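Take a look at the structure below.
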Amino acid sequence: ICTSSRHTQAVIDNICIFLKNKKILPNISGTTKSGWIMMEVLVIEIHLFKPDVRTYYDLESIMAY
């Protein structure tokens, strides 16, 4: 969970720097202002949420079996 737009951008930036050093280019969807950013890295999806957006979508309850 990211606590602010600045925090979200910092996390994205650091992941991108790490991946660039590995010569991997992620696909990024969303914006820091939306409160939800998704990164696709090879076969991995990374979702970054602000707390209110995470609560609103409640993905854990959708994924529960």
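Numbers for the structure displayed
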read-out	value
Counted residues, the stretch 19-47 - those being in contact (Cβ under 8 Å) with a residue 12 or more places away in the chain and in contact with a Gly (Cβ under 8 Å, 6 or more places away or on another chain)	2
Leading residue by the ranking (least open to solvent (accessible area, probe 1.4 Å)) among those in the stretch 1-20 that are out of contact with any helix residue (DSSP H, G or I) (no Cβ under 8 Å at 6 or more places or on another chain) and among the polar types (S, T, N, Q)	4
Selection within the stretch 21-45 - assigned to a strand (DSSP E or B) and either open to solvent by 50 Å² or more (accessible area, probe 1.4 Å) or small (Gly, Ala, Ser) (or both)	27, 28, 29, 30, 31, 36, 40, 44, 45
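The values are calculated or read from the model by the stated rules, or taken from the named source; none is laboratory data. This one's a predicted model, so the numbers in the text were calculated from it and none came from an experiment. Ideal geometry is used to build each Cβ from the backbone, glycine not excepted, and the neighbour counts take in all protein chains shown. These accessible areas exclude ligands, DNA and RNA; they are computed on the full protein's heavy atoms, side chains included. Shrake-Rupley method; radii C 1.70, N 1.55, O 1.52, S 1.80 Å.
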